[in-house]
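> Here it is: the structure, laid out below.
What follows is calculated from the coordinates using simple rules that are stated; it is not laboratory data. Since the structure is predicted, the reported quantities are computational estimates derived from the model, not experimental observations. Note that each Cβ is placed from the backbone with ideal geometry, even for glycine, and that neighbours are counted across all protein chains shown.
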Amino acid sequence: MSNQSTRRVNTGITAESLYLAVAMWMEMFPELTEEQFSSVENRETTADSGKMKDLYRKVGCVLVQENGRLLAVDHSRDGVHGLAGLLVKLHDRVKGCSAFLSRKPCPYCAKLLVQAGVTGVSYPPVEPEYRYTTKEDDRVRVLFDAGQITLSVYFPQVKTELLISDQELVAKGILMNEIRDSCRLVSERFWNEESLRWMTGSSLEQTYNDFQNLVKWFTQINLSLKHSKLKLSAHSEGISFPEGTTRAFDPEHNFHEEQIAKHMLGLAMMTIQRTVEPNTGVGCVIMKNNDVMAVGWNGFPSKVIEEEFHDLSDQERDKKYPFFVHAEQNALLMRNKTNVNGGIIFVTKIPCHECTPLVKVAGIETVVLATPLKSIKEIYRLNYEVFQEEVKKGTFLCYEMVTD
Ligand SMILES: [Zn+2]
Ligand SMILES: [Zn+2]
């Protein structure tokens with residue numbers, strides 16, 4: 001997968017904080033049915049059913065390679081713990097990786113990560129993956145000691161410059177009680193005083209502030225997605241399907257697929273904060289059969305080149321654009337599985353003439369845009385008509401995002 005591991009002074013979020021935030025975002029991945037979707041928080045153990053499942057909380061996870069590149073993201077699903085599933089699926093790639101988890105892992109996941117050669121683990125100070133037994137704490141500690149795992153426990157730090165005020169959200173047509181409800185849902189999921197009892201005074205205050213900023217950031221992304229619709233682009237409407245086949249992915253009509261699409265677009269939006277210019281940045285996610293195979297955002301191919309352009313004036317900006325590796329290019333180059341044939345790409349902007357043929361040749365058939373598919377003029381020698389032409393030809397089925 002992706003991406004830039006370079007550190008910059010003016011970024012709203014560090015790479016490590018972004019990876020941890022993504023792990024937490026993946027824990028909030030929509031459940032399979034509408035019923036499960038609305039009752040994610042209500043999975044207490046009942047006397048006679050689902051005991052194994054309810055012993056563990058859902059966990060979101062991110063694996064990052066030694067070079068700082070994001071390798072994979074996933075979450076607990078299909079009865080498999082998120083981290084355990086990811087380690088097994090990518091068994092030949094995980095040695096030397098760091099894991100960013102939405103919760104402290106259970107002993108089962110911890111033993112697998114030690115055995116797989118993961119070297120660092122980060123998670124926020126929230127309730128752990130396991131419930132009910134204090135012995136689990138000791139077991140995880142023994143495993144982490146044995147594996148010489150580097151541990152970091154913190155909430156992702158999102159700078160306030162990155163956040164917009166409630167007033168600005170209200171001006172966009174979002175209601176105050178929607179903002180409150182969304183913040184409350186994230187807080188109820190992750191804020192837990194018991195998990196913070198070892199903290200005191202200023203460190204507790206700092207933790208609380210970090211958490212509040214994260215909650216606001218998630219809420220802003222959530223609400224912008226909630227107030228938008230995904231619909232089939234007019235350019236795709238004329239495309240007919242062979243007899244007996246249906247659309248592989250239909251976020252316009254299928255509730256669950258709409259939720260997945262929005263969640264993946266939200267993830268793509270988050271990564272934009274790691275691009276050199278978040279205002280013009282692009283993020284994308286490639287998914288196939290519910291597996292995320294790549295997350296990419298645009299950036300320079302090397303730190304040396306990036307530094308050359310640090311002092312460029314606004315008038316000279318087009319000098320640096322030819323050096324950008326685009327989000328789709330990063331995702332396709334760094335993907336964790338070779339075969340993305342028939343896959344879906346979720347991308348925040350319209351693919352350009354450089355990226356369109358790459359997406360096509362990789363066999364990706366569905367493109368979900370976080371923007372309307374409209375004509376945009378050529379800029380910095382990038383042409384966007386090529387993509388529209390391919391959509392009209394039926395190379396891709398394209399869904400666009402429109403605000404309601
Ligand atoms: Zn586990
Ligand atoms: Zn491009």
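> Tell me, what ³J(HN,Hα) does each residue in region 255-271 have, in order and in whole Hz, if you take phi through Karplus 6.51 cos²θ - 1.76 cosθ + 1.60 with θ = phi - 60° and put x for Gly and Pro?
3J(HN,Hα) across region 255-271, in whole Hz: 4, 5, 5, 5, 5, 4, 4, 5, 5, 5, 5, x, 4, 4, 5, 4, 5.
> Share of Cα-Cα pairs in region 93-218 beyond 17 Å, in percent?
64
> Once you put a point 7 Å from the Cα of K172 and another 7 Å from the Cα of K159, both along the Cβ direction, what distance in nm separates them?
The answer from the label model is 2.0 nm.
> From the helices alone, meaning DSSP H stretches of at least four residues, give me the mean residue ellipticity at 222 nm for the chain, per-run term -39500 (n - 2.57), in deg cm²/dmol to the nearest 500.
-11000 deg cm²/dmol
> Say the cut-off is 20 Å between C-alpha atoms; which of K89/K288; K231/K374; K58/K111; K262/K320; K229/K349; K288/K337 go over it?
K262/K320
> Something else: So, by mean Cβ neighbours within 10 angstrom, what's the order for 72-84, 169-181 with the highest one leading?
Ranking, from highest mean packing down: 72-84, 169-181.
> While we're on this one: Which whole-number percent is the relative contact order of the chain (Cα, under 8 Å, 6+ apart)?
So the answer I get is 16 percent.
> Please give the per residue volume of the convex hull enclosing the alpha carbon atoms of region 165-297, rounded to a whole number of Å³.
Spread over its residues, the Cα hull of region 165-297 gives 181 Å³ apiece.
> Using a Förster distance of 51 angstrom, determine the FRET efficiency expected from the C-beta separation of D404 and A146, and round it to 0.05.
0.45
> Please work out the FRET efficiency for the pair D250 and Q115, using the Cβ-Cβ distance as r and a Förster radius of 41 Å; give the result to the nearest 0.05.
0.50
> To the nearest Å, what is the center-to-center distance of region 241-311 and region 162-217, using C-alpha atoms only?
25
> Kindly work out what percent of the DSSP beta bridges joining two residues of the chain are antiparallel, to the nearest 5.
Close to 65 percent.
> Okay, moving on. Based on the inverse mean of 1/r over its pairs of different Cα atoms, what is the Kirkwood hydrodynamic radius of region 251-346, in Å?
In region 251-346 this quantity evaluates to 14.5 Å.
> What order do you get for T11, T271 when you list them from fewest to most C-beta neighbours inside 10 Å?
Result, fewest neighbours first: T11, T271.
> What residues qualify as long-range amide H neighbours of M293, i.e. H under 5 Å apart, gap of 5 or more or another chain, H built at 1.01 Å from N?
I286, M287, K288
> Note the full-extension length gain between K303 and E385 as 0.36 nm times their separation in residues minus their Cα-Cα distance, in nm to one decimal.
The span from K303 to E385 would gain 26.4 nm if fully extended.
> Sticking with the crude label model, points 7 Å out along Cα→Cβ, report the distance from L333 to Y208 in nm, one decimal please.
Taking the simple label geometry, L333 and Y208 are separated by 4.5 nm.
> To continue, here is another question. Express in % the proportion of alpha carbon pairs of the chain at distances exceeding 41 Å.
Considering the chain, 13 percent of its Cα-Cα pairs are separated by more than 41 Å.
> Taking H placed 1.01 Å from N in the peptide plane, check which residues at least 5 places from R77 or on another chain put their amide H under 5 Å from its amide H.
Close amide H contacts, sequence-distant or interchain: G82.
> Report the calculated FRET efficiency for D311 and Y132 (r = Cβ-Cβ distance, R0 = 51 Å), to the nearest 0.05.
So, using R0 = 51 Å, E works out to roughly 0.35.
> Out of residues 5 or more away from E129 or on other chains, whose amide H comes under 5 Å of its own, with H placed 1.01 Å from N in the peptide plane?
It is K104, C106, by chain and number.
> Let me ask another. For Y123, Y208, what ranking results if the residue with the fewest other Cβ atoms within 10 Å of its Cβ goes first?
Going from least to most buried by this count: Y208, Y123.
> Still on this structure, I have one more. Which residues does the label zone of D78 cover in region 89-119, counting backbone N under 16 Å from a point 7 Å along Cα→Cβ?
89-91
> Quick check on the exposure proxy: order I221, I376 from fewest to most C-beta atoms within 10 angstrom.
Fewest to most other Cβ atoms nearby, the residues stand as I376, I221.
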